[in-house]
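The values are calculated or read from the model by the stated rules, or taken from the named source; none is laboratory data. Note that the coordinates shown come from a computational prediction; the quantities given were computed from them, not determined experimentally. Here the Cβ is made from the backbone with ideal geometry for all residues, glycine too, and neighbour counts use every protein chain on show.
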């Protein structure tokens, strides 16, 4: 994964200055991974889950309890409690064939389509579409998210207007079952979690058939080409064509 700044690293023969450049760039990436640089928190009912934390994956372990506490405070004129720890907005559209397990909140005007599979610990935002055979588990979907066709979204957070193409998935467990680390270019960040999917920023497009490997971070306004295998960090306003070809939008 190489951006223009990396060329400076290669051309810089001074070890000291090269180290400084890498350090500055690493701090910049770390800054871009922070919640406020990925998500518009005004576009989710779960805004307060992000208080007192810096990085989005830190919210994953809080989702279950947060839903239960928030659900019991929801406006009964707008939400029905349809089962234990399951709250669905009165104007949401939910297919009879959809499976929903609590704790779950489905916000206003969301659409849960035929054979959607919500396994619990899920917050589905306003105007969000959860489609046929899409599976959700331990997720926050901001408003206007679309996961409409054969998607698996687990232990992940999808920002405002994020869209996952048909068959694209978040892989949330490493093959060796070790804790997931967020892989940046010059360092790894320990999450201390065995299950971390993808942190997908606002207005991001994920192409059909793409696999987002454990701990992937896609920044705002980026596009991932179909059939990609993505890991690590993709900066904002990028077009990800393959691991060796990532360009900035013009």
request  = Collect the residues in segment 21-60 that are at pLDDT below 95, assigned to a helix (DSSP H, G or I) and either loosely packed, with under 12 Cβ neighbours inside 10 Å or within 26 Å of the chain's Cα centre (by Cα) (or both), keeping them in residue-number order.
outcome  = 24, 25, 26, 27, 28, 29, 30, 31, 32
note = Conditions (1) surrounded by 14 or more Cβ atoms within 10 Å (Cβ to Cβ); (2) free of Cβ contacts under 8 Å to residues at least 60 places away in the same chain; (3) in contact with a helix residue (DSSP H, G or I) (Cβ under 9 Å, 6 or more places away or on another chain); (4) part of a loop (DSSP other than H, G, I, E, B) -> residue 74 fails only (3)
query = Quick check: is even one residue across segment 173-180 more than 18 Å from residue 223 (Cα to Cα) and surrounded by 23 or more Cβ atoms within 10 Å (Cβ to Cβ)?
reply = yes
task = State whether the residues of segment 156-165 include one that is touching a residue at least 40 places away in the same chain (Cβ under 8 Å), part of a loop (DSSP other than H, G, I, E, B) and surrounded by fewer than 19 Cβ atoms within 10 Å (Cβ to Cβ).
result = no
query = Hey, does segment 89-101 have a residue that's within 24 Å of residue 193 (Cα to Cα) and either outside any loop (DSSP other than H, G, I, E, B) or touching a residue at least 12 places away in the same chain (Cβ under 8 Å) (or both)?
reply = yes
message = Looking for something at positive phi and modelled with pLDDT of 95 or more - is there at least one such residue anywhere in segment 70-85?
response = yes
ask   = Has segment 181-194 got at least one residue that is touching a strand residue (DSSP E or B) at 6+ places or on another chain (Cβ under 8 Å), at pLDDT 95 or above, outside any loop (DSSP other than H, G, I, E, B) and crowded, with 24+ Cβ neighbours inside 10 Å?
value = no
Selection within segment 140-155 - closer than 20 Å to residue 119 by Cβ, touching a helix residue (DSSP H, G or I) at 6+ places or on another chain (Cβ under 6 Å) and part of a loop (DSSP other than H, G, I, E, B) = 142
